[in-house]
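The values are calculated or read from the model by the stated rules, or taken from the named source; none is laboratory data. Every value quoted in this text rests on a predicted model; they were computed, and no experiment measured them. Note that each Cβ is placed from the backbone with ideal geometry, even for glycine, and that neighbours are counted across all protein chains shown. Side chains included, ligands, DNA and RNA excluded: accessible areas come from the protein's heavy atoms. Shrake-Rupley method; radii C 1.70, N 1.55, O 1.52, S 1.80 Å.
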Amino acid sequence: MSWHPQYRSSKFRHVYGKAASKDKCYDCVPITRNVHDNHFCAVNPHFIAVVTECAGGGAFLVIPIHQTGKLDPHYPKICGHKGNVLDIKWNPFNDFVIASCSEDATVKIWDIPKHLLTRNITSPKKELLGHVRRVGLIEWHPTANNILFSSGYDYKIMIWNLDTKEAVISNPVKILDVHKDVVLSMSFNTDGSLLATACRDRKIRLIDPRAGTVLQVASYKSHRVNKVLFLGNMKKLFSTGTSRWNNRQIALWDQNDLSVPLLEEDLDGSSGLLFPFYDSDTHMLYVVGKGDGNIRYYEISPEKPYLNYLMEYRSHLPQKGIGMMPKRGLEVSACEIFRFYKLIPTKSLIEPISMIVPRRSESYQEDIYPLTTGAQPALTAQEWLNGVNKGPLLVSLRPGSGAVNSLPQFPEPEPLLKTTDLSQHQDRGGKMPLEGMQKSSEIGDNRKQLKVEEKLPKNEKMHLSNGFDIFECPPPKTENELLQMFYRQQEEIRRLRELVNQRDVQIKQLELELRNLCMDTGGY
């Protein structure tokens, strides 16, 4: 009896991590020595921000993303806080606005100038005063503009509406007072209608942020949670923490039932925290260890075993914090699907690490770059506060496609072949030339091919090259689905045009061969 190994088909089985060369790193950066468990780094396509050491108060650096190499020791800082900066986050819809929180119990919003910084920035655009103890976490809402969440050591989560003219805001629009200890982690679902939190009391809570109610609580005693993460639209939560025996542990939860985890797995006996990152486009999960140089990555599937281990990036240099580039800032020509920015305080170095899918072709790889979250908000702050839910607006990463602010205006479908007056194609005898006849027959062949595909059984049904099946796809129900279908159809039209052009070339070659053959036979 032969043994057949269980191979799993995946485009991402051979993803590997590639550290940037020394000249592409950021050197001589005074990275903070604070022991707070946060990323200490925030990245967008224009800037990299990193919390730094500063005498008398807290500060962070904002460095243009292309300004690699050694940093000037007198490089200007953003230094308006009176205590250590604990967390920084870029506004997802404005690459020149960043939020920071500090031990001084304040949250500050900063405008970063588009030109190079020449002096320290000390006055923020807005200051949020509401917490009575230090603020350890901040998160921007994923789809609504100018909505910010902050969590402090007063055990409260505050929701701020920044769509106001006041420079100092002391009244949050909502206070979530449902925790009995410090909140260690916050994560939103895709449309921002739900908030998952990990608390120092070892419980995971699923919260409706607008109602302020706790929908579910996970108090599984054998998993002491540190970080929690929503896995996109998979209806699952992922958490990292420690086991009863103080091993580092990961766990996967069903969003609708947090009583028992779907899966839990011990990783190792190290003491450092595990930071999870999820890429909803590729369904890949990255687990980054604090205090070691490893990045483990998995692929998430909706069915068992749910978590499929792929590979581990190893380095001898330990990371204190980590930053993540949004998808719109990746280098698609190099098949880069994720990029980390690793903080190495022992060398005062920030090292970019690219996760790459090995491909030979240099053309745009649409199968690994589906439509992704863009830089435009789907809702205003007031719409979200009024109860409206909306998924993120999607954009294509294809070079030159540009951002999509709203649904595109659908143009009239262009014919595959430009039709002109038939009389121009007819010769004096009233017959069409061979080339025109061949083109019309090609269109007929394509129609026949579509009919054949409809008649094929399910297990043999032909699919179009970009993975879009026009016969089984249900009609779009949401704006994003409609947008996605539009782009797929545009791509299919482009592919069919290329196919027609190739057939035209083949027809001309056959005509030449036929003409040569006629001339040879006529010579005899």
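Odds and ends about this structure:
- Meets criteria (in a strand (DSSP E or B), acidic (Asp, Glu) and within 27 Å of residue 116 (Cα to Cα)) for residue 87: yes
- Taking region 290-300 as the range and being over 17 Å from residue 20 (Cα atoms) and in a loop (DSSP other than H, G, I, E, B) as the test, the residues that pass are 290, 291, 292.
- Cβ-Cβ distances below 6 Å connect the following pairs, each with a first residue in region 482-509 that is part of a helix (DSSP H, G or I), a second residue that is of a type in the set (Phe, Trp, Tyr) and surrounded by 15 or more Cβ atoms within 10 Å (Cβ to Cβ), and a separation of six or more residues or different chains: 488/468.
- Selection from region 353-369 of residues that are surrounded by fewer than 22 Cβ atoms within 10 Å (Cβ to Cβ) and in a strand (DSSP E or B): 353, 354, 356
- Of all residues in region 223-257, those satisfying the criterion of being β-branched (Val, Ile, Thr) and touching a residue at least 24 places away in the same chain (Cβ under 8 Å) are 225, 228, 240, 250.
- Residue match in region 178-198 (condition: open to solvent by 30 Å² or more (accessible area, probe 1.4 Å), under 20 Å from residue 235 (Cβ atoms) and among the polar types (S, T, N, Q)): yes
- From the options 47, 40, 96, 12, residue that is surrounded by 22 or more Cβ atoms within 10 Å (Cβ to Cβ) and aromatic (Phe, Trp, Tyr): 40
- Lone unmet requirement of (1) assigned to a strand (DSSP E or B); (2) open to solvent by less than 20 Å² (accessible area, probe 1.4 Å) for residue 282: (1)
- In summary, strands (runs of 3 or more DSSP E) completely within region 99-206 and bearing 2 or more residues that are more than 30 Å from residue 250 (Cα to Cα) and not β-branched (Val, Ile, Thr) occur at 106-111, 126-129, 157-161.
- Selection status of residue 162, crowded, with 19+ Cβ neighbours inside 10 Å, under 24 Å from residue 287 (Cα atoms) and in contact with a strand residue (DSSP E or B) (Cβ under 9 Å, 6 or more places away or on another chain): no
- In region 113-129, the residues that are farther than 21 Å from residue 73 by Cα form Cβ pairs under 9 Å with partners that are in a strand (DSSP E or B) and open to solvent by 40 Å² or more (accessible area, probe 1.4 Å), at six or more places apart or across chains, as follows: 124/111; 125/111; 126/168; 127/168; 128/168; 129/168.
- Among the residues making up region 258-275, those that are surrounded by 15 or more Cβ atoms within 10 Å (Cβ to Cβ), of a type outside the set (A, V, I, L, M) and farther than 18 Å from residue 295 by Cα are 261, 264.
- Scanning region 320-333 finds one or more residues that are in contact with a strand residue (DSSP E or B) (Cβ under 6 Å, 6 or more places away or on another chain), over 18 Å from residue 285 (Cβ atoms) and modelled with pLDDT of 90 or more.
- Among the residues of region 248-257, those identified as surrounded by 14 or more Cβ atoms within 10 Å (Cβ to Cβ) and more than 14 Å from residue 229 (Cβ to Cβ) are 248, 249, 254.
- Residues being open to solvent by 40 Å² or more (accessible area, probe 1.4 Å) and part of a loop (DSSP other than H, G, I, E, B) - total across region 320-330: 0
- Qualifying residue in region 50-71 (condition: assigned to a loop (DSSP other than H, G, I, E, B) and surrounded by 22 or more Cβ atoms within 10 Å (Cβ to Cβ)): no
- Among residues of region 331-343 being under 13 Å from the mean Cα position of the chain (by Cα) and closer than 24 Å to residue 51 by Cβ, the one that is most open to solvent (accessible area, probe 1.4 Å) is 339.
- Sole residue being β-branched (Val, Ile, Thr) and at pLDDT 95 or above, chosen from 78, 31, 88: 88
- Answer residue from region 207-242, given it is open to solvent by less than 10 Å² (accessible area, probe 1.4 Å) and in a loop (DSSP other than H, G, I, E, B) and is modelled with the lowest pLDDT among those: 223
One line per residue, one yes/no per condition, for (1) open to solvent by 20 Å² or more (accessible area, probe 1.4 Å); (2) assigned to a strand (DSSP E or B); (3) within 30 Å of residue 396 (Cβ to Cβ):
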| residue | (1), (2), (3) |
| --- | --- |
| 288 | no, yes, yes |
| 302 | yes, no, yes |
| 312 | yes, yes, no |
| 318 | yes, no, no |
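- Region 1-23: number of residues that are among the small types (Gly, Ala, Ser) and modelled with pLDDT of 90 or more: 4
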